[in-house]
Amino acid sequence: MDIQFFVTLSLAVLFAGISKGGFGGGVAFVSSAILAIILPPTMAIGIMLPLLMVMDVASVGPFWKRWDPEAARVLILGGIPGVFAGAAFITYTNDDVLRFLIGAISLGFVLWSMLPKAAVATRRFSAKVGYGAGFASGFTSFVSHAGGPPAAMYLLGQRFDKTTYHATAIVVFWAINALKAIPYGFLGFFTLETLTLDLYMIPFALIGVYLGVKAHHMVSDRVFFGLTYLLLAGAGCKLIWDALT
């Protein structure tokens, strides 16, 4: 582990922690997209999952019981089959397909962010829509830790305030990430090397969550997400280029 790799990994983890701690966690997958540029995709997502689980635990406390139980239940139940569908998909694919998929999801997230949210936020979605969003979140979360957009579309439709929205996203992905750990282990995404890296990165994960909790009430969403979209667009284009060449 040279200095360049250590700095890249620590900054990616720090950024993911800030997202988890203060901005719904939906863009924490930018860390996986960045790491997938310099590592095999399965190793990148294998390194990040234990750290995301640490961030989930650290994030739940400051927003304890601020979530909406029904919305969380619907998304989690929908996410369970989505996780296992993701496991089946990833078993029969290769690194280039995963790079392309992570890149496409990254660019898709940026494009989705540019759409007007007013139309979404003025209607309340049914539970059926929530189950579908949960399934999509479970699938994309498994293959790239990118389950945020489908869940966000459903949660926006419930017209929650900022804190309820964020707290609900935290508890949903706490459950989905915990479930993902089982098939990740069977698929060999965790190794002694990746778990050792995780031990080095835990302080950065916790510092990121702390900064995110503070930033939740101090930093404009627009500033944070603007930087995120730039990172995702760059990483997405790079991953797609690498996959096709």
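The values are calculated or read from the model by the stated rules, or taken from the named source; none is laboratory data. Fair warning: this is a prediction, and the values are worked out from it, not measured in the lab. When the accessible area is computed, the model is the full protein with side chains, heavy atoms only, and any ligands, DNA or RNA have been set aside. Shrake-Rupley method; radii C 1.70, N 1.55, O 1.52, S 1.80 Å.
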From the list (1) 0.94; (2) 1.02; (3) 0.98, can you say which value of Rg/Rh (Cα atoms, Kirkwood Rh) was derived from the structure given?
-> (1)
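Per the 1.4 Å probe, what fraction of the accessible area of the chain, in percent, lies on carbon and sulfur atoms?
On the way: 7850 of 10990 Å².
Here it works out to 71 percent.
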Span-like helix ranges in the chain, DSSP H, alpha carbon extent 18 angstrom or more, Kyte mean at least -1.0 | 3-22, 41-60, 69-91, 95-114, 127-144, 162-186, 192-216, 221-244
Under a cut-off of 25 Å between alpha-carbon atoms, report the lysines in cross-link reach of Lys20, not counting same-chain residues fewer than 8 places apart.
-> Lys65, Lys117, Lys162, Lys180, Lys214, Lys238
Choice from Tyr131, Tyr210, Tyr92 showing the highest fluctuation, given a GNM over the chain with Cα pairs closer than 10 Å = Tyr92
